[in-house]
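Contents: one structure, followed by commentary.
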2 protein chains.
Amino acid sequence: MFDDANSNAVRVDFIENTGFVTQSEGLPRIAGRIFGMLIFDGDVVSFGDLATKLLVSRASISTSIRILEERGLVKRVTKHGERQDFFQLAPNPYATMLEGIQKRNRSIQTDIAGTIKNLPADAEAVGRLTAHANFYASRNAAIAVALSELDTSQNKLAGQQPNAPKDHLDAK
Amino acid sequence: MFDDANSNAVRVDFIENTGFVTQSEGLPRIAGRIFGMLIFDGDVVSFGDLATKLLVSRASISTSIRILEERGLVKRVTKHGERQDFFQLAPNPYATMLEGIQKRNRSIQTDIAGTIKNLPADAEAVGRLTAHANFYASRNAAIAVALSELDTSQNKLAGQQPNAPKDHLDAK
DNA sequence: CGTTTTGTTTAGTCATAACTGAACAAACTT
DNA sequence: AAGTTTGTTCAGTTATGACTAAACAAAACG
């Protein structure tokens, strides 16, 4: 146990698992695998290596990386003297994720508010619709709490976060 | 404005919208439409009416209702002297929803903990994996906050929640 | 009893989106 | 310049799952 072969099996399992998790959240599975690989390896990985190590086409890497970049979870960097693009985890991907959920919840809340506004004030449904909107409001309030907690724990782990993102990395 | 035709258009929009929301959360759109209809109408609706009013097959109602029942969001009731099944919102669907998310997060957390346990304690990845698990932990802590908030606002709205669920409803 | 109503299950269709290979453009190498 | 590397885009394939129609079982009705 705890030999290299074992560790690699654990690594692959984690990466695959992360793929399933993000898939169930509506993202391509490959995007999750990339994310999982960046978490596990904690390193800067080249475009080509992503395709090679994950055994998928470069086209898939391209689209999944675009999604991860759009969501602010992954950052593209260059290496001095290297032609390939390299990728690493964005500075605080978890906070960014939570902020994305908040944004979505706000949009749903706005929609429900619009529904209420377009009804007569004494409509029988207004109470239930208000409770419905309230649900998303509490979720967002709760996420705000999680965001502040994340700050705390991030500080605790600061020493263990290798490879603080830089805009430009020199060759090793 | 605010005439019956308008209100009905608003109603249909809300129902369709709720369908989209739940679809993006991995549930069939029809399940969301049922849920939205129950929220808007706040009434007890028969199996047949669901199919008729939503213009979908009875088979779809059957599967979507099963999903909603499994998740504890909708309750099946009988009406004295009626052969059809009837459905209404479960007592506190929002709390149930949040608890479902908590359960899922816990399961992901457990998986990550398993990953960490199967690695040498000094593995370089442990710090990042811990932060990853921590993310799901804070989310769950936050949901706990939302759950207590929900209690509060539910009390505020108690007077506006019609049709408190009963196990058995007499005919009107 | 046969017929009707009702909900579930199953087989099949259809829509969607992930993924790939190939074509492509841009930048670099020689 | 010709050829190579690199990332994106596009067309096509494939896998998944929502949805339906039809078959079905159970219960109520006549």
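The values are calculated or read from the model by the stated rules, or taken from the named source; none is laboratory data. Remember, predicted model here, so these are calculated numbers, not experimental data. When we count neighbours, we look across all protein chains shown, and the Cβ atoms used for this are built from the backbone with ideal geometry, even at glycine. For accessibility, only protein heavy atoms count, side chains too; no ligands or nucleic acids. Shrake-Rupley method; radii C 1.70, N 1.55, O 1.52, S 1.80 Å.
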Residue in region A:92-99 that is touching an Asp or Glu at 6+ places or on another chain (Cβ under 9 Å), in a helix (DSSP H, G or I) and within 16 Å of DNA strand D (Cβ to nearest atom) present:
no
Taking region B:103-157, which residues are at the interface with chain A (Cβ under 7 Å from one of its Cβ atoms), within 19 Å of the chain's Cα centre (by Cα) and of a type in the set (A, V, I, L, M)?
B:A142, B:I143, B:V145, B:A146, B:L150, B:L157
What single numbered condition from (1) open to solvent by 30 Å² or more (accessible area, probe 1.4 Å); (2) over 25 Å from B:S148 (Cβ atoms); (3) at pLDDT 95 or above fails to hold for A:K103?
(2)
Pairs returned, first residue in region A:32-60 that is in contact (Cβ under 8 Å) with a residue 24 or more places away in the chain, second residue that is basic (K, R), beta-carbon separation under 7 angstrom, 6 or more apart or interchain, are A:I39/B:R128; A:F40/A:R11; A:G42/B:R128; A:L54/A:R33
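From the list A:A95, A:A121, exactly one residue is over 21 Å from A:T22 (Cβ atoms) and out of contact with any Lys or Arg (no Cβ under 8 Å at 6 or more places or on another chain). Which is it?
Exactly one residue qualifies, and that residue is A:A121.
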Of the residues in region B:76-91, those that are more than 12 Å from DNA strand C (Cβ to nearest atom) and more than 23 Å from A:H132 (Cβ to Cβ) come to B:H80
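Being more than 11 Å from DNA strand C (Cβ to nearest atom) and either open to solvent by 60 Å² or more (accessible area, probe 1.4 Å) or hydrophobic (A, V, I, L, M, F, W, C) (or both) narrows it down to one of B:L73, B:L50, so name that one.
Step by step, each of B:L73, B:L50 is checked, and only B:L73 is more than 11 Å from DNA strand C (Cβ to nearest atom) and either open to solvent by 60 Å² or more (accessible area, probe 1.4 Å) or hydrophobic (A, V, I, L, M, F, W, C) (or both).
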